[in-house]
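Working notes for the structure below.
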Amino acid sequence: MRRAEGRDLSPRRLALLALLTAVLLAGSGEAASPAIGSEVPDFRATSLRGDALSLREAAGRHKAVVLVFLSTVCPYVNYFAGHLKELAEQYGPRGALFVGVYSNGWESGEEAAAHGREHGFAFPLLRDEGHLIADRLGARRTPEAFVVDSSGRLRYRGRVMSKQESPELKRAIGAVLEGRPVRTPVTKAFGCAIGG
């Protein structure tokens, strides 16, 4: 009898199983990333230096806000750290605010601050307690970048750069600062999973 039940996967039962799986996954706490062109939900946080930061206010004061999810131990983050520092130095004076976000539950604020100092990050660094910022943006990896324009709309999400040095993030920042459409608004981020 068990054998017969195990084989009874009619199209109706398969559809019901797929529906139940979708419902369970939807309730798993993982939020989807905002669509390109849509408004990014605001958040308020305190930087590791003690400064208050609101995404909405930062977007209103800058031409672009570049949120980059980081990790103290991810080799991909460390590999691209120099590139991120250069981008911040190049585009900061032109109106882009870079913000580093550490969302891994097992990394302390002290470790994140030390990591930022080690790599010369002069931009604000946030400790994302409980993955609240990562969940709002749908961030899953480190490094993963999100570019928000001055109206608070998402214009790019994806990798910082590939090992072949494809400059999608750099091009996206340049386009937003110049008021142009981003040619490739979504790329696949690769690196380490955000966890803990």
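Before moving on, here are some points about what is shown:
- Pick from segment 109-162, criterion part of a strand (DSSP E or B) and of a type in the set (K, R), ranking: farthest from V77 (Cα to Cα): R153
- Between G109, G130, the distinction of being more than 26 Å from S166 (Cβ to Cβ), surrounded by fewer than 20 Cβ atoms within 10 Å (Cβ to Cβ) and touching a residue at least 60 places away in the same chain (Cβ under 8 Å) belongs to G109 only.
- The selection criterion, being over 10 Å from the mean Cα position of the chain (by Cα), surrounded by fewer than 18 Cβ atoms within 10 Å (Cβ to Cβ), modelled with pLDDT of 95 or more and over 20 Å from G92 (Cβ atoms), does not hold for A122.
- Filter result for A45 (farther than 17 Å from E144 by Cα and under 16 Å from the mean Cα position of the chain (by Cα)): yes
- Scanning segment 175-195 for residues that are farther than 13 Å from L154 by Cα, assigned to a strand (DSSP E or B) and aliphatic (A, V, I, L, M) turns up just one, A193.
- Hits in segment 21-49 (condition: at pLDDT 95 or above and among the small types (G, A, S)): A35, G37, S38, A45, S47
- Checklist (1) in contact with a helix residue (DSSP H, G or I) (Cβ under 8 Å, 6 or more places away or on another chain); (2) closer than 21 Å to R49 by Cβ; (3) modelled with pLDDT under 95 applied to E129, failing item: (1)
- Filter pass, R157 being under 16 Å from V40 (Cβ atoms) and either in contact (Cβ under 8 Å) with a residue 24 or more places away in the chain or out of contact with any helix residue (DSSP H, G or I) (no Cβ under 7 Å at 6 or more places or on another chain) (or both): yes
- Filtering segment 80-106 to residues that are surrounded by fewer than 18 Cβ atoms within 10 Å (Cβ to Cβ) and in contact (Cβ under 8 Å) with a residue 40 or more places away in the chain leaves H83, R94, G95, G105, W106.
- Qualifying residue in segment 165-174 (condition: touching a Leu at 6+ places or on another chain (Cβ under 8 Å), buried (at least 20 other Cβ atoms within 10 Å of the Cβ) and not basic (K, R)): yes
The values are calculated or read from the model by the stated rules, or taken from the named source; none is laboratory data. Note that the structure is a prediction, hence the values are computed from the model and not measured. Here the Cβ is made from the backbone with ideal geometry for all residues, glycine too, and neighbour counts use every protein chain on show.
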